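**Q** Got a structure for you, written out below as structure tokens; questions coming shortly.
Every read-out reported here was derived from the displayed coordinates using simple, explicitly stated rules and does not represent laboratory data. From a predicted model like this one, the values you see are computed outputs, not experimental measurements. Quick reminder, even Gly has a Cβ in these numbers, built from the backbone with ideal geometry, and neighbours come from all protein chains shown.
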Amino acid sequence: MKIFRTHALVCSGAQCLSAGGNNFKDALSAEINSAGLQDEVQIVETGCMGSCEMGPMMVVYPEGTVYIKLVPSDAAEIVKEHFLKGRPVKRLMWNASGKEFPTLSEIPFFAKQTKLVLRNCGIINPENIEEYIANDGYLALGKVLTSMKPQEVVDEIKKSGLRGRGGAGFLTGLKWGYVASQQSGDKYVICNADEGDPGAYMDRSVLESDPHTLLEGMIIAGYAVGAIKGYIYVRAEYPLAVKRVALALKHARAFGLLGSNILNSGFSFDIAIRMGAGAFVCGEETALINSIEGKRGEPRKKPPYPSTAGLFDKPTLINNVETFANVPVIIHKGAQFFKKIGTATSPGTKVFSLAGKVNTTGLIEVPLGITLREIVFDIGGGIPEGHSFKGALIGGPSGGVVPAEHLDIAIDYESLDSIGTIMGSGGLIIMDETSCMVDIAKFFLKFTVEESCGKCTPCREGTPQMLKILQRITSGEGMPGDIENLERTGRIISRTSLCGLGQSASNPVLSTIRFFKNEYESHINEKKCPSSVCDMKPKAMENKNGKKIRVRKIA
């Protein structure tokens, strides 16, 4: 095996590629060859490194030097100065407030992160199974198949306290136990990778950057619950993720880690990919099952639950990408290791896509229990252009807004529930005082209306009525009683909708009314948007003769 003195890890996640990462990589390769360094410097294409807006990114080892926002013309200088002379190029380093941060560990964005799920992202080549194995990959699977009974695996997951990372945080071990207890010859494991929240890309980044951690988690789950096959349900809009997962499946089979008689253990399990058309409702587990079966993607009435009658009416375990990615860590290092991170009732870490009005956006993984203030100001670097923090939308269309008065709230399941929001899958959008909370609520409700499958009346009819009210309010036509109508309708929809999409559709509206009711009142009573976002101009109307008249606003 060839030994290189320098490894240049170039981010090849979707964000960096879209910013021209391949062009930089090709230029770097050409400069390395031109300098005669091809036997000394190895380029390694990795997955997402986290700080997406700083891409294309590169980390040079063994020094650990980080370079950001690279363009092809930077390649010659890096080769000449760094690779040949050993002098890092300071102008390409991470810079904040005039200070350069040469390595990842020094950069504030990474300093408070704890990486379990993202432990290999940005470090290994996701298309090389040997690099995953070299970083303790499949050790957990080997441990399970050689020294643990299925029930012992379920018990270890229960002891860890791992909660499902796709929504409300149901205890993973309990779900596994329900499926394991079913007496059936055919059982299935499904990975829900149908990530539909606007601005969310946590699962996609794991699929692109470390697909084997998902496969290992699913295989272990299959062994624990007695399943015969697994399915990864992923949206077709993720072509790079699909490509890398398919390659990982091929390599795992070639290494005897997937398929018949895995590692000569007598256990057989295989995984297939199923691509969805990008319907948000298919993130709901029974709608997802319908889609895999070739039916219309709409939810089923529960009970029965998937754990007893799921895919093809057989017992089925469904978890999302992040949940499965935690499993190899828990099994390899033990439940107690996992429980030491996070809080007593919300152990472990959570991956968020940090976006919006914050200086440094990107993919982050933090211990549960960290405060929102730490995420926004320590990791995210604060609010740009001297603006002030106004709120954070957690959980996407299913979540709610955390206002400035709760900036020091702990990010865990119980704390968020106490103020009327949920963790969700991990979308985290930061807003400053230039954001209109009524407009934000309208944006997410409009998304939900468009994505509703239309099966149940409360969601199908109720959410469009709420949207009409919001549209009137933001166009200067709000009326007394609108706020009360929104609250009443929202509560009815939450209580009576068939699935989680409808049950949580009104959350952004109800939470913004709860914490920013004054903005709704300003829109309605004063015909004024405090943030000057909404178009509150008077609308042209016609009199009985068909002549257009203007309606004068009353101050």
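**Q** Could you pull out every Cys in the chain that lacks a partner Cys with its beta carbon under 4.7 Å away?
**A** C48, C52, C121, C191, C282, C436, C453, C456, C459, C499
**Q** Can you pull the one-decimal nm distance between simple spin-label points at E40 and E81, each 7 Å off the Cα toward Cβ?
**A** 1.8 nm
**Q** Put +1 on the Cβ of every Lys and Arg and -1 on every Asp and Glu Cβ in the stretch 6-111; which of C11, I68, A96 then has its Cα farthest towards the positive end of the dipole?
**A** A96
**Q** Shape call for the stretch 437-525 from the C-alpha gyration tensor, a ≥ b ≥ c root eigenvalues: rounded (a/c under 1.5), prolate (a/b greater than b/c) or oblate?
**A** Values: a/c = 1.96, a/b = 1.81, b/c = 1.09.
Prolate shape, in that a/c is at least 1.5 and a/b is the bigger ratio.
**Q** Additional query: Based on the alpha carbon coordinates of the stretch 349-432, what radius of gyration and maximum Cα-Cα distance (Dmax) apply, in Å?
**A** Cα only, the stretch 349-432: 11.2, 33 Å (Rg, Dmax).
**Q** How about K527: which lysines have a C-alpha closer than 19 Å to its C-alpha, ignoring those fewer than 8 places off in the same chain?
**A** K442, K468, K517, K537, K539, K553
**Q** Using R₀ = 35 Å, calculate the FRET efficiency as 1/(1 + (r/R₀)^6) where r is the Cβ-Cβ separation of K149 and K2; round to 0.05. Write out the running numbers ahead of the final one.
**A** Working: r = 43 Å, r/R0 = 1.22.
Result of the calculation: an efficiency of 0.25.
**Q** Compute the Rg/Rh shape ratio of the chain: radius of gyration over Kirkwood radius, all on alpha-carbon atoms. Mind showing how you got there, number by number?
**A** Details: Rg = 25.2 Å, Rh = 25.1 Å.
That ratio is 1.01, to two decimals.
**Q** Please check which bits of the stretch 202-231 a label hung off K243 would reach, taking the label as a point 7 Å along Cα-to-C-beta and the cut-off as backbone N under 14 Å.
**A** Residues passing the 14 Å test: 208-209.
**Q** Something else: Could you give P(r) for the stretch 129-339, binned at 5 Å from zero, as whole percent values over all Cα-Cα pairs?
**A** 1, 8, 16, 22, 22, 18, 10, 3, 0, 0
**Q** Could you work out [θ]222 nm for the chain from helices alone, using -39500 (n - 2.57) per DSSP H run of at least four and dividing by all its residues? Round to the nearest 500 deg cm²/dmol. All intermediate terms of the calculation are to be shown ahead of the outcome.
**A** Values: 21 runs with 204 residues, N = 555.
Mean residue ellipticity, 222 nm, calculated: -10500 deg cm²/dmol.
**Q** Shape call for the stretch 130-209 from the C-alpha gyration tensor, a ≥ b ≥ c root eigenvalues: rounded (a/c under 1.5), prolate (a/b greater than b/c) or oblate?
**A** On the way: a/c = 1.90, a/b = 1.18, b/c = 1.60.
Since a/c reaches 1.5 but b/c is at least a/b, the shape of the stretch 130-209 is classed as oblate.
**Q** Filter K187/K250; K175/K301; K80/K243; K339/K390; K69/K350 down to the pairs with a C-alpha to C-alpha distance above 25 Å, please.
**A** Over 25 Å apart, Cα to Cα: K80/K243; K339/K390; K69/K350.
**Q** Taking the Cα centre as origin and putting +1 on Lys and Arg beta-carbons and -1 on Asp and Glu beta-carbons, what dipole magnitude results for the stretch 437-525, to the nearest 20 debye? Could you put the intermediate results ahead of the total?
**A** Details: 11 positive and 10 negative charges, 60 e Å.
My answer is approximately 280 debye.
**Q** Right, here's the next one. What is the magnitude of the charge dipole of the stretch 412-465 about its Cα centre, with +1 placed on the Cβ of each Lys and Arg, -1 on the Cβ of each Asp and Glu, and no other charges, expressed in debye to the nearest 20?
**A** Numbers: 4 positive and 9 negative charges, 77 e Å.
My answer is approximately 360 debye.
**Q** Now for a different question. State, to one decimal in nm, how far the label point of H387 lies from the label point of L263, with both points 7 Å from Cα in the Cβ direction.
**A** Modelled inter-label distance: 5.0 nm.
**Q** What is the stretch 6-111 by shape, rounded, prolate or oblate, if you read a ≥ b ≥ c off the alpha carbon gyration tensor as root eigenvalues and call it rounded for a/c under 1.5, prolate for a/b larger than b/c, and oblate otherwise?
**A** Working: a/c = 1.71, a/b = 1.26, b/c = 1.36.
Oblate is the answer for the stretch 6-111, as a/c is 1.5 or above yet b/c matches or exceeds a/b.
**Q** Select from the stretch 275-373 those trypsin sites (Lys or Arg not before Pro) which occupy a DSSP coil region and have at most 13 other Cβ atoms within 10 Å, ordered by residue number. Each step should come with its number before you reach the end.
**A** Details: sites: K295, R296, R300, K301, K333, K339, K340, K350, K357, R373; in loops: K295, R296, R300, K301, K340, K357.
Here the trypsin sites (Lys or Arg not before Pro) that fit, given the DSSP loop and packing criteria, are K295, R296, K301, K340.
**Q** A further question on this structure: Kindly rank 283-293, 237-247 from highest to lowest mean number of other beta carbons found within 10 Å of each residue. Mind showing how you got there, number by number?
**A** Numbers: 283-293: 23.2, 237-247: 18.5.
Per-residue Cβ counts within 10 Å, averaged per peptide and sorted highest first, yield 283-293, 237-247.
**Q** Where a Cα-Cα gap under 20 Å defines reach, which aspartates and glutamates qualify for K229, not counting those fewer than 8 residues away within the same chain?
**A** D186, D194, E216, D270, E285, E293, D313, E322
**Q** Any idea what the dipole of the chain comes to, in debye rounded to 20, about its Cα centre with Lys/Arg Cβ at +1 and Asp/Glu Cβ at -1? Intermediate results must be reported in sequence, preceding the final value.
**A** Working: 63 positive and 59 negative charges, 299 e Å.
Here the size comes out at about 1440 debye.
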